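One structure is given below, encoded as C-alpha cells.
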Amino acid sequence: MRFFFFLHDPETGITYQGPSTRSLEIRRGETGYAEFAGKVMNILHADHHEGHGYRWTPPSIWRFDEDGFVDQDYALDTMRAEIDKAFSSNPYHPAKSADWKLAMRRADAGKDFLDWTKNPEVRERLEDFVLEGKRHPKLLSTRRLTMLKRT
C-alpha cells in the first residue's frame, strides 16, 4: 500500500505533493513551508492498494499563518465544523449553538473544500499521478519549497 499527501492552492491552481510521513507534523504546526505563509490550502490524502485501486479521504482545509505554519485554532475550528456538518443536514439551524455557527463561518466549512465535481482537471491530475506516476506541470513537490521547523 502507498500513501499520498497533497496540498492544493486554489488561488494558483498548483498542487504540491508532500511526504505522507510528514503530514501529521505539518498539521500539528511542527513543520511548515515559507511559501505557504498566509494561504488557505485544500488537503487531500489517497491510499493506493496495488491491484485494488485507490481511496481518497475527504478533503480538508488548512490555513497557514504568516510564518508558514498551520494555524492551530483554524485547524481545530475546521475539524469541529466538519464533524458537526457530518452529523447535521443544516449546520446553521437556529437550534445549533452560537459557538458552532461561529466555528462554521470562521472555518468556511463547505465553501473552500476542493469539490471534485467542479474541478475535474485537478482530480485527473492527481489520479494520473497516483495510478500511473505521471507528473503534471501543476503538480510540484514540496522538496522545492523552504521547509521550516518550530524550535
Check which residues have an amide H placed less than 5 Å from TYR54's amide H, if you skip close sequence neighbours. HIS49
Using θ = phi - 60° and the Karplus relation 6.51 cos²θ - 1.76 cosθ + 1.60, list the HN-Hα couplings for the range 130-138 in order, rounded to whole Hz, with x at every Gly or Pro. 5, 8, 10, x, 6, 9, 6, x, 9
Inter-label distance for HIS52 and LYS149, nm, one decimal - labels placed 7 Å from Cα along Cα-to-Cβ: 3.6
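How high is the relative contact order of the range 9-88, in percent, counting Cα pairs under 8 Å that sit 6 or more residues apart?
Numbers: 97 pairs, mean separation 23.2, N = 80.
Reported relative contact order: 29 percent.
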Amide H within-cut-off set for LYS39, under 5 Å, with H built and near neighbours excluded: PHE64
Could you list which residues have their amide H under 5 Å from that of ILE61, counting only those 5 or more apart in sequence or on another chain, with H placed in the peptide plane? ILE43
Read phi for every residue in the range 2-10 and hand back ³J(HN,Hα) as whole Hz from Karplus 6.51 cos²θ - 1.76 cosθ + 1.60, θ = phi - 60°, with x for Gly and Pro. 10, 10, 10, 10, 10, 10, 10, 9, x
Which whole-Hz couplings ³J(HN,Hα) result when phi for each residue of the range 28-39 is put into the Karplus expression 6.51 cos²θ - 1.76 cosθ + 1.60, θ = phi - 60°, listed in order with x for Gly and Pro? 7, x, 7, 10, x, 9, 4, 5, 8, 3, x, 9
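Computed from the coordinates by the stated procedures, all read-outs in this text should not be read as laboratory data. The shown structure was predicted, so the numbers you read here are calculated from the model rather than taken from an experiment. Neighbour counts are summed over all protein chains in view; Cβ atoms, including those assigned to glycine, are modelled from backbone coordinates with ideal geometry.
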